[in-house]
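Report on the following structure.
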Amino acid sequence: MPRTTKVDCPGCPPLRALTFDVLGLVKVIQAQGKDGEIPKVVERWGEPDYSKSVLAASLVDRKFDPLLAVARKNGLIEVLNPLNGNLHVAISDNTDSSPPKDDAIIGMHLFEKDELALASRRCTLLSCTKKGNASMRSIDFSSSSSEDISTNPVKTWKVCSSGDVMCSKVDGSETHALFGGKGVEVNTWNLEQCTKIWTAKAPKKNSLGIFTPTCFTSVTFLSKDDHRKFAAGTSSHQVRLYDISAQKRPVISFDFRETPIKALAEDVDGNTIFVGNATGDLASFDIRNGKLLGCFLGKCSGSIRSIARHPEFPIIASCGLDSYVRFWDIKTRQLLSAVFLKQHLNGVVFDSHFVGEDITHSAVESIQQDIEIGQTVSEEEHTPQKRKKASKEDGEGKKRKGASKENKKSKKKSHGETESKQR
């Protein structure tokens, strides 16, 4: 059984998370929403195989007919049912029979469709490789046999002419995408026309006249409704805020610790981001001014590779090379629970439509109220108390000190007078 750790908390709400590791396993973690319950591993999909290591994953989080796309190290892309792990279709991302080993998939996005697309059992998939080969294809898996499944490449383009792409992200409207990497300045593409609409400028030389190229490791949009503002993390432990409507260089940039930034995630308010680095430090920042809101309590012993924010509850999940998936409270930044999963983890996603067994909607609302009450109590404990009494005591202490000084002076005077009289 996996090892778990627990701290005192009002209890985790009903949640369901899927994790992906270097051995190609997909593990399902659930909590039923009972008081003080620890999330547990309930399912494991696949067999351990290093050649099937999960490099990227994308979840279409909807109530009816959800989909999960997984990109593996051997070049296969699998579309699964995230409710039971059944395989819909498996396709190869490489057109050549012997794909290059140094051109692995680094990013993938499964597009959400309307009801007509759901009825036709089709999905659109965007993928990008390390060398910048991006493709957007339509997959039809309505047929039961794998031979009749059609995969028509809709659009194919080159993201960069040189360098290595290391991160990508699609906005909430699914019309724009970000790409960046080592030797690749972060750039924005219009997915409807497959045209590059914006590219960041290279950083200026330092005071010594030395130019250091940027290596982008993670990117995220600040809001689902606005594709113009996004945050990017670099290997030089720097977080940058870009606004494509303002300028091509960062609007704000700040440092976080001394190791590369490995994961970024946005909050639902559009003003807060969560940052994880290569030494396991996790913190939240106000991206409007670069102010550190606080670090999450509880040290991780390995690099953080993925951060996911729950759409409904004030909870985030983080995972990385220490083989733990951790659940944190956003407001108090306390560790709620951690589950040991034995393998190095590459990603984690939330299933927001999960409801625990025998848990009604009113019960979920009560759990949310308990979490909020716990947060207010903790905030009251951490708020500074009024120091009126302390100020009075300080005044009395000053008076006592003044009186003691006067007594010492009077003693010295009396001692001097006695000596003069004796003379």
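The values are calculated or read from the model by the stated rules, or taken from the named source; none is laboratory data. A quick note: this is a predicted structure, and the numbers were derived from the prediction, not measured. All Cβ positions, glycine included, derive from the backbone under ideal geometry; neighbour counts span all protein chains shown. Each accessible area value is taken on the protein alone, full model and side chains, heavy atoms only, with ligands, DNA and RNA left out. Shrake-Rupley method; radii C 1.70, N 1.55, O 1.52, S 1.80 Å.
Please specify each residue of region 100-120 satisfying the condition of being modelled with pLDDT under 90 and surrounded by 14 or more Cβ atoms within 10 Å (Cβ to Cβ).
Residues satisfying the conditions are Asp103, Glu112, Lys113, Ala117, Leu118.
Test Leu80 against the stated conditions and say whether it is hydrophobic (A, V, I, L, M, F, W, C) and touching a helix residue (DSSP H, G or I) at 6+ places or on another chain (Cβ under 8 Å).
When the stated conditions are applied, Leu80 does not pass them.
Return yes or no: is Thr272 open to solvent by less than 40 Å² (accessible area, probe 1.4 Å) and out of contact with any Pro (no Cβ under 7 Å at 6 or more places or on another chain)?
Against the criterion (open to solvent by less than 40 Å² (accessible area, probe 1.4 Å) and out of contact with any Pro (no Cβ under 7 Å at 6 or more places or on another chain)), Thr272 qualifies.
For every residue, the table says whether it meets (1) assigned to a loop (DSSP other than H, G, I, E, B); (2) touching a residue at least 12 places away in the same chain (Cβ under 8 Å); (3) more than 21 Å from Ser142 (Cβ to Cβ).
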position: Asp35; (1), (2), (3): yes, yes, yes
position: Glu43; (1), (2), (3): no, yes, yes
position: Glu47; (1), (2), (3): yes, yes, yes
position: Asn74; (1), (2), (3): yes, yes, yes
position: Ile77; (1), (2), (3): no, yes, no
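If you take the residues in region 158-182 that are surrounded by 15 or more Cβ atoms within 10 Å (Cβ to Cβ) and more than 21 Å from the chain's Cα centre (by Cα), which one is nearest to Asp103 (Cα to Cα)?
Asp164
Within region 270-316, how many residues turn out to be at negative phi and assigned to a strand (DSSP E or B)?
Residues in region 270-316 being at negative phi and assigned to a strand (DSSP E or B): 23 in total.
Take the conditions among the hydroxyl-bearing types (Ser, Thr, Tyr), under 21 Å from Thr199 (Cα atoms) and open to solvent by 20 Å² or more (accessible area, probe 1.4 Å) and apply them to Ser301. Does it pass?
Considered against the rule, which asks whether it is among the hydroxyl-bearing types (Ser, Thr, Tyr), under 21 Å from Thr199 (Cα atoms) and open to solvent by 20 Å² or more (accessible area, probe 1.4 Å), Ser301 comes out as no.
Go through the residues of region 187-202 one by one and say whether even a single one is open to solvent by 40 Å² or more (accessible area, probe 1.4 Å), in a loop (DSSP other than H, G, I, E, B) and either hydroxyl-bearing (Ser, Thr, Tyr) or touching a residue at least 60 places away in the same chain (Cβ under 8 Å) (or both).
No.
Only one of (1) closer than 24 Å to His310 by Cβ; (2) β-branched (Val, Ile, Thr); (3) without any contact (Cβ under 8 Å) to a residue 12 or more places away in the chain is not met by Val275, so which one is it?
Status for Val275: all satisfied but (3).
Scan region 50-72 and give yes if some residue there is in contact with a Ser or Thr (Cβ under 6 Å, 6 or more places away or on another chain) and either free of Cβ contacts under 8 Å to residues at least 40 places away in the same chain or in a strand (DSSP E or B) (or both), otherwise no.
Yes.
Could you give me the residue pairs with C-beta distances under 6 Å whose first residue belongs to region 240-255 and is modelled with pLDDT under 95 and in a loop (DSSP other than H, G, I, E, B), whose second residue is loosely packed, with under 15 Cβ neighbours inside 10 Å and among the acidic types (Asp, Glu) wherever it lies, and which are 6+ apart or on separate chains?
No pair meets every condition.
Quick check on region 275-295: of everything there that is within 17 Å of the chain's Cα centre (by Cα) and of a type in the set (S, T, N, Q), which residue is most open to solvent (accessible area, probe 1.4 Å)?
Filtering region 275-295 for residues that are within 17 Å of the chain's Cα centre (by Cα) and of a type in the set (S, T, N, Q), the one most open to solvent (accessible area, probe 1.4 Å) comes out as Thr279.
Listed residues Ala265, Ala246, Ala231, Ala308; which is closer than 27 Å to Ala202 by Cα, out of contact with any Leu (no Cβ under 9 Å at 6 or more places or on another chain), among the small types (Gly, Ala, Ser) and surrounded by 20 or more Cβ atoms within 10 Å (Cβ to Cβ)?
Residue meeting the stated conditions: Ala265.
Please pick out the residue among Thr220, Thr214 that is at pLDDT below 95 and either among the hydroxyl-bearing types (Ser, Thr, Tyr) or out of contact with any His (no Cβ under 6 Å at 6 or more places or on another chain) (or both).
Just one listed residue meets the conditions, Thr214.
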